[in-house]
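A.B. asks: Here it is, the structure, as structure tokens.
The values are calculated or read from the model by the stated rules, or taken from the named source; none is laboratory data. Just so it is clear, the structure is predicted and the values come from calculations on it, not from any experiment. So basically every Cβ, Gly included, is an ideal-geometry build from the backbone, and we count neighbours across all protein chains shown.
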Amino acid sequence: MTRQHLRTALLLTIVTLSTAKMEAQDFETRFLDATLRLDYIYAGTSEDQAIYLNGMKTYEGWYGKRINMNSLPLQGNGTITVTNFVLGDTIYRHSFSTLFQEWQNTEEASKEARSFENTLLIPMPKFPIQVTVELQNMHNGQKACLKHFIDPADRLIRVHDTRETLPHTYLRKAGDSRDKIDVVFVPEGYTAEEMDLFRRDCEESISSILRHKAFTDRKDRFNFIAVEAPSAHSGVSIPKNRDWKSTTLGSHFDTFYSERYLTTPNIRALYDLLDGIPCESIIILANTKEYGGGGIYNNYMLSAARGPGYKSVIVHEFGHSFAGLADEYFYDDQYETYYPEGIEPWEQNLTTLTDFGSKWQDMLPNGTTIPTPADGRDVYTKVGVYEGGGYQSKGVYRPAQDCRMKTNEAPDFCPVCTRAILRVIDFISR
Ligand SMILES: [Zn+2]
């Protein structure tokens, strides 16, 4: 290393260190090392909707991001914005998607009204704040908005009793939970006698996730935690067989009458299990061999923990819930249009070619034809613009012929999904 190089390297180290220090100071002037849990209800039809605050709770420790506090890595279908009530500056932003918005795209929502739960965690502010929760429609317009005031000294903010924190164990610990991304495993449909089985299923899931390149490269950023929450019955509900079980989260297949779609409507019950536990991303393992799952960005993912292809399904759903990746598969006919013409999706692995420059244009090899013909060669690695994705055979394009976000057979995420995951990890952690 020359003297000039050494000086540059030293300068870079000093700049990086002081940025980190400034961010830490920023956090300490605005927030306590505590979490404020906000429970909401989203209700309405495909046309009309409203957001209501349903409860507030607090506990020690903030385990979410401590950098890039007032910006977003991805737009999501919804956002929460926290501003200083007096000064008006934005001190925290976070994006997410919801089951409610997915349901709004179904035929049922054009005829019936329903309500859905959603819980959001924010760092506990040191001063009064205004919270704004917004839900977007498919055309990137605002659909619903709730603004509300919170005084952190409000005595009706319920304080979690640490004696009620559920037993939990670190299965992998890369470092302090305040600095790392904490992925929490929650058991669904495992009885008290099946907790060993649950831990074994967690281990299998962790290995599957860490085998994918983006996560292999950043495995030092992740803690994996298992929560002990036994269910009365073993297995999960399968409505098409009239088979209903009593489980911790009341999850079931046949969500929106789609046989393989496994979700839980009981988000408050889910967060009741997690109060006091470091939690940035939630993986719910369902004790079933029945094929299926679901994943919602910055909300939760739920997957069958055994049976055919389950290891791929878990990682696929984690792609949705952790990195906001879209499904790259498609059908020939579908009632809903998820990705209308003329609107660029916010998901990083699909494009309608409306604003392709904001996607993977920079990763295309020279001379790539658009749309790129699927020639069956280098199906996992050759980046192109292949028509079909996001449930639509026309008008939506995906980056590779095959990918973890398309089939269970793909060995890994495609190069574009891999980059998108790395970007999310680097946005929320260092
Ligand atoms: Zn992909």
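A.B. asks: Taking Pro365, is it surrounded by fewer than 17 Cβ atoms within 10 Å (Cβ to Cβ) and either without any contact (Cβ under 8 Å) to a residue 60 or more places away in the chain or aromatic (Phe, Trp, Tyr) (or both)?
C.D. replies: Against the criterion (surrounded by fewer than 17 Cβ atoms within 10 Å (Cβ to Cβ) and either without any contact (Cβ under 8 Å) to a residue 60 or more places away in the chain or aromatic (Phe, Trp, Tyr) (or both)), Pro365 qualifies.
A.B. asks: Can you find even one residue in the range 217-235 that is among the hydrophobic types (A, V, I, L, M, F, W, C), outside any helix (DSSP H, G or I) and more than 20 Å from Gly175 (Cα to Cα)?
C.D. replies: So far as the range 217-235 goes, yes, one or more of its residues are among the hydrophobic types (A, V, I, L, M, F, W, C), outside any helix (DSSP H, G or I) and more than 20 Å from Gly175 (Cα to Cα).
A.B. asks: Run down Ile370, Ile428 and say which single residue is of a type outside the set (Lys, Arg), at pLDDT 95 or above, more than 16 Å from the ligand (Cβ to nearest atom) and touching a Pro at 6+ places or on another chain (Cβ under 8 Å).
C.D. replies: Only one candidate qualifies: Ile428.
A.B. asks: Are any of the residues in the range 268-278 crowded, with 16+ Cβ neighbours inside 10 Å, at positive phi and modelled with pLDDT of 95 or more?
C.D. replies: There is at least one residue in the range 268-278 that is crowded, with 16+ Cβ neighbours inside 10 Å, at positive phi and modelled with pLDDT of 95 or more.
A.B. asks: Also, quick follow-up: For the condition within 21 Å of the chain's Cα centre (by Cα), surrounded by fewer than 16 Cβ atoms within 10 Å (Cβ to Cβ) and under 25 Å from Gly294 (Cα atoms), what is the one hit in Ser95, Ser115?
C.D. replies: Selected residue: Ser115, the only one of Ser95, Ser115 that is within 21 Å of the chain's Cα centre (by Cα), surrounded by fewer than 16 Cβ atoms within 10 Å (Cβ to Cβ) and under 25 Å from Gly294 (Cα atoms).
A.B. asks: What residue, of Val383, Val396, Val379, is of a type in the set (Val, Ile, Thr) and closer than 21 Å to Arg423 by Cα?
C.D. replies: Going through Val383, Val396, Val379 in turn, just one is of a type in the set (Val, Ile, Thr) and closer than 21 Å to Arg423 by Cα: Val383.
A.B. asks: Another one. Go through (1) within 14 Å of the ligand (Cβ to nearest atom); (2) outside any helix (DSSP H, G or I); (3) buried (at least 18 other Cβ atoms within 10 Å of the Cβ) for Pro411 and report which single condition fails.
C.D. replies: Going through the list (1) within 14 Å of the ligand (Cβ to nearest atom); (2) outside any helix (DSSP H, G or I); (3) buried (at least 18 other Cβ atoms within 10 Å of the Cβ), Pro411 breaks only (3).
A.B. asks: I've got another one for you. Taking the range 302-360 only, how many residues are farther than 26 Å from Ile284 by Cβ, part of a helix (DSSP H, G or I) and within 16 Å of the ligand (Cβ to nearest atom)?
C.D. replies: Going through the range 302-360 one residue at a time, the tally reaches 1.
A.B. asks: Against the conditions (1) surrounded by 17 or more Cβ atoms within 10 Å (Cβ to Cβ); (2) in contact with an Asp or Glu (Cβ under 7 Å, 6 or more places away or on another chain); (3) over 23 Å from Asn223 (Cα atoms), where does Lys240 fall short? Just the number, please.
C.D. replies: So the condition that Lys240 fails would be (1).
A.B. asks: Can you tell me which residues in the range 256-266 are outside any loop (DSSP other than H, G, I, E, B) and either among the aromatic types (Phe, Trp, Tyr) or surrounded by fewer than 22 Cβ atoms within 10 Å (Cβ to Cβ) (or both)?
C.D. replies: Phe256, Tyr257, Tyr261
A.B. asks: Report, by residue number, each residue of the range 40-57 that is farther than 13 Å from Leu121 by Cα and aromatic (Phe, Trp, Tyr).
C.D. replies: Listed by number, the residues that qualify are Tyr42, Tyr52.
A.B. asks: Still on this structure, I have one more. Could you tell me whether the range 219-232 includes any residue that is surrounded by fewer than 17 Cβ atoms within 10 Å (Cβ to Cβ), under 22 Å from Ala420 (Cβ atoms) and under 20 Å from the mean Cα position of the chain (by Cα)?
C.D. replies: Checked against the condition, which is being surrounded by fewer than 17 Cβ atoms within 10 Å (Cβ to Cβ), under 22 Å from Ala420 (Cβ atoms) and under 20 Å from the mean Cα position of the chain (by Cα), the range 219-232 yields at least one hit.
A.B. asks: Here's something else I'd like to know. Has the range 118-134 got any residue that is modelled with pLDDT under 95, assigned by TED's automatic domain parsing to the domain that holds Tyr40 and of a type in the set (S, T, N, Q)?
C.D. replies: No, every residue in the range 118-134 fails to be modelled with pLDDT under 95, assigned by TED's automatic domain parsing to the domain that holds Tyr40 and of a type in the set (S, T, N, Q).
A.B. asks: Also, quick follow-up: Any idea which residue in the range 392-408 is nearest to the ligand (Cβ to nearest atom), counting only those that are surrounded by fewer than 20 Cβ atoms within 10 Å (Cβ to Cβ) and in contact (Cβ under 8 Å) with a residue 60 or more places away in the chain?
C.D. replies: Top of the filtered list is Thr407.
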